[in-house]
C-alpha cells in the first residue's frame, strides 16, 4: 500500500495544475488524469471488495503477463472503459474530496483475501496482488503523463 499512497501524494501535489493541458501529449487535462486515476483506484477496489474469492479462475493472458512484468503501460494504445472516464465539472474541490475518499477506500485492500479478484477488460481476472500491482502501474502511468503535460508548459 505504500506505493499507492506515495502515488496518491504525487497526484495530490499536481492538483494545483489541474487546468493544464497539452493536446500533443494527451487529450486530457491534468485534472482529467487525476480524476481518471482516482476513479480507477476506487472502482477496482470496490470490485475486489465485492468479489467472491471462491469464483476466481486463472487463465493465461499474454498481455497481462507483459504489462505486469514490465510494469509499464504503453501510451495511447487502449481506451478507458466509460465507467472510469471522468465527466465534466472536474475542479480542485471535487479532486480533493475524491482523493480523500480514495485514501479511505484503498485501506480496505489490506483486509481482503489473496483470491479476491476483478475482471480487467484486457487482462482478464486479476487476483488481489496482481490487482494492487496493476493499480500501482496504472497510477504511475498517469502520474508520468501528468508530469509530461506540466513540464511541457513550463518550458
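A quick yes/no check of all residues on (1) at positive phi; (2) in contact (Cβ under 8 Å) with a residue 12 or more places away in the chain:
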residue	(1), (2)
71	yes, yes
76	yes, no
97	no, no
151	no, no
Inset, instruction - Considering only the stretch 2-26, state which residues are out of contact with any helix residue (DSSP H, G or I) (no Cβ under 6 Å at 6 or more places or on another chain) and under 10 Å from residue 149 (Cα atoms). - result: 21, 23, 24
Inset, instruction - Look at residue 49 and say whether it is crowded, with 17+ Cβ neighbours inside 10 Å and at pLDDT 95 or above. - result: no
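Residue-by-condition table, conditions (1) surrounded by 16 or more Cβ atoms within 10 Å (Cβ to Cβ); (2) within 25 Å of residue 13 (Cα to Cα); (3) in contact with a strand residue (DSSP E or B) (Cβ under 7 Å, 6 or more places away or on another chain); (4) touching a residue at least 12 places away in the same chain (Cβ under 8 Å):
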| site | (1), (2), (3), (4) |
| --- | --- |
| 80 | no, yes, no, yes |
| 131 | yes, yes, yes, yes |
| 140 | yes, yes, no, yes |
| 143 | yes, yes, no, yes |
| 146 | yes, yes, no, yes |
Legend entry - In the stretch 104-129, residue surrounded by the most Cβ atoms within 10 Å (Cβ to Cβ) [restricted to those that are under 11 Å from residue 68 (Cβ atoms) and touching a residue at least 40 places away in the same chain (Cβ under 8 Å)]: 126
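The values are calculated or read from the model by the stated rules, or taken from the named source; none is laboratory data. Because the structure is a prediction, the values reported are computed rather than measured. Cβ: placed from backbone, ideal geometry, glycine included. Neighbour counts: every protein chain shown.
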